[in-house]
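All remarks here apply to the structure that follows.
The values are calculated or read from the model by the stated rules, or taken from the named source; none is laboratory data. In this text the structure is predicted, and so the values were computed from the model without any measurement. Glycine gets a Cβ as well: all are built from the backbone with ideal geometry, and neighbour counts include every protein chain shown. To get the accessible areas, we keep the full protein, side chains included, count just its heavy atoms, and leave off ligands, DNA and RNA. Shrake-Rupley method; radii C 1.70, N 1.55, O 1.52, S 1.80 Å.
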Amino acid sequence: MLSPLMISQKDDELLGVANRADAMGVLAVWSRRARDLVPHLSAQTHEVRGFQMLVEAYRLWESFEAEHPRYAGRLEDFFLLVEQVFARTAGAQDGGWPLPGSRRVMRQHGGAVWVSVVDPDWHLLDAQKANGVWGLYRGSAQRAGLLSEDTRRLSEATLKAATRAPGLGLRAQNALFKMAARAMEGESVRYSPARTAPLAADVYRTFREVPLAAHLREALIERHALNRALARRLVGVAHLEHRTFLTQAAEALPEHREAILGVVRCENLLGIVESIFMWLCACNGQILAAAVAELPVDLAALEDARAGFARSGNYAGETALARYTRLHECLETSTKMALTRSVLELHRRVNEERGRAPWVWEEAGVVRSDVEVGRPRARELEVGVVWRNSYYLNALHSITNQLAGLLDG
């Protein structure tokens, strides 16, 4: 296992802003490579307790729907309520909620709280279904085999595991079902998250202890050989520096070397292209020729990265293949001016496909931009140094170490 000291902090900054828009359209490209490493997780699924809550909600729904057939098919509404109960409980007991909706949870905790299907004031987020655990975790859960193909039920194996290790006991379950039935009728229902209440006590225990931890590790990590090997190397790593980690992994795992190096070759090009784009955004109002003259890019190294990009792997899927092909064939490395204009053109074409205006463009020889960004540092334009995209390794790192703490601690 790697020592935490082998993962340096300095290059964490090269990852860029986590929530920035995909202005160059590279998400479809790098996410395809990411699936070679991390087949199930996404950038948002970094909390194992999100998966525990999801599975427990589905387990409870099996019983609730059978007992209350008049609400059949309203799984989404039931899930909203379960998510609110878990969030209100964790917020009251821990002083925080590590999943989406934490701001609203903490703003509303401390006094009387309600759960509701119909009143958005008691939802955890605007558009809670889309932006909460329901919207963010189901896809990963389905890919990992926790849910059925249509995501409407637990898989057979997960239902068995959840039945053997339920979160809520019968008394707490009955209390939840009474609340849920009232809420399904359109009522906002008062909820006490005090740990002395049977429902809150079981909810909190389920959330903290994660009774399905072993099953989740098997589903999310163990069933995929490379994912499993990378996860083992991530245990105990304090600061994930992606390039160092993957370069070392490629040497240590020769059977997976080409898959790992495919990711490195992909990012060698994508990271630089995105940095050039950000440089141009920061040059708003400058003469293009002057901006280009200052651009600290090694064209020979960039051409090598473009050639390596051609050997980075297969890009299945219409969007991924189209954008991979365009990046490889349309990026010009002959001169800095040709390079700059090709980046502007690549950006224009992505936004044309999306029906959006570009962030940055050339107008009468002047750079124009409608966004404000800081100019990238020189090392962010250095091939073999910059790393901007996560390849879902951040989520794997987080989930792996949470599970290690629960199962191996």
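Observations on the structure shown:
- Between Asp77 and Arg326, the C-beta separation translates, for a Förster distance of 56 Å, into a calculated FRET efficiency of about 0.85.
- Loop-located GluC sites (Glu not before Pro) in the stretch 181-210 (DSSP state other than H, G, I, E, B) with a sparse environment of at most 14 neighbouring Cβ atoms within 10 Å: Glu185.
- The chain, relative contact order [Cα under 8 Å, separation at least 6], %: 28
- Sequence-ordered 3J(HN,Hα) estimates for the stretch 74-85 from the Karplus curve with 6.51, -1.76 and 1.60 and θ = phi - 60° stand at 9, 4, 4, 5, 4, 5, 3, 5, 4, 4, 5, 4 Hz, glycine and proline given as x.
- Residue order for Glu352, Glu65, Glu382 - accessible surface, 1.4 angstrom probe, largest first: Glu352, Glu382, Glu65
- For Leu154, the residues 5 or more places off, or on other chains, whose built amide H falls under 5 Å of its own are Ser148.
- Helix axis angle, 242-252 relative to the chain longest principal axis, alpha carbon, degrees: 90
- Note on the stretch 48-222: with charges restricted to the Cβ of Lys and Arg (+1) and Asp and Glu (-1), its dipole about the Cα centre is near 380 debye.
- In sequence order, calculated HN-Hα J values of the stretch 101-108 (Karplus, 6.51, -1.76, 1.60; Hz; x Gly/Pro): x, 4, 4, 5, 4, 6, 5, 9
- Largest accessible area first, the residues Arg379, Arg171 order themselves as Arg171, Arg379 under a 1.4 Å probe with ligands, DNA and RNA left out.
- Length available on full extension from Val385 to Ala214: 0.36 nm per residue minus the Cα-Cα distance, which gives 57.9 nm.
- Exposure check, 1.4 Å probe, all protein chains in place: Lys336 carries approximately 60 Å² of accessible surface.
- Annotation: extensible slack from Asp22 through Arg143 equals 41.2 nm (criterion: 0.36 nm per residue apart, minus Cα-Cα distance).
- Accessible area in the full protein assembly, largest first, 1.4 Å probe, for Glu332, Glu222, Glu83: Glu332, Glu222, Glu83
- Using a cutoff of 8 angstrom between alpha carbon atoms and counting only pairs six or more residues apart, the relative contact order for the stretch 48-222 works out to 31 percent.
- Normalising the average separation of contacting C-alpha pairs (under 8 angstrom, six or more residues apart) by the number of residues puts the relative contact order of the stretch 179-313 at 18 percent.
- Accessible surface of the stretch 252-388, 1.4 Å probe: 51 percent of it comes from carbon and sulfur atoms.
- Shape category assigned to the stretch 48-222 from the gyration tensor of Cα positions, a/c cut at 1.5: rounded
- Oblate is the label for the stretch 87-140, because a/c, from the alpha-carbon gyration tensor with a ≥ b ≥ c as root eigenvalues, is 1.5 or above and a/b does not exceed b/c.
- For Arg171 and Asp94, a Förster radius of 25 Å and the Cβ-Cβ distance give a FRET efficiency of 0.65, rounded to the nearest 0.05.
- Amide H partners (placed H, <5 Å) of Val113, local residues excluded: Tyr191
- Compared with the dominant principal axis of the Cα atoms in the chain, helix 299-309 is inclined by about 50°.
- Rounded accessible area of Trp361 (nearest 10 Å², 1.4 Å probe): 90
- Ligands, DNA and RNA excluded, the heavy atoms of Glu67 present near 100 Å² of accessible surface to a 1.4 Å solvent probe.
- Angle between the chain longest axis and helix 336-354 axis [Cα atoms, degrees, rounded to 10]: 30
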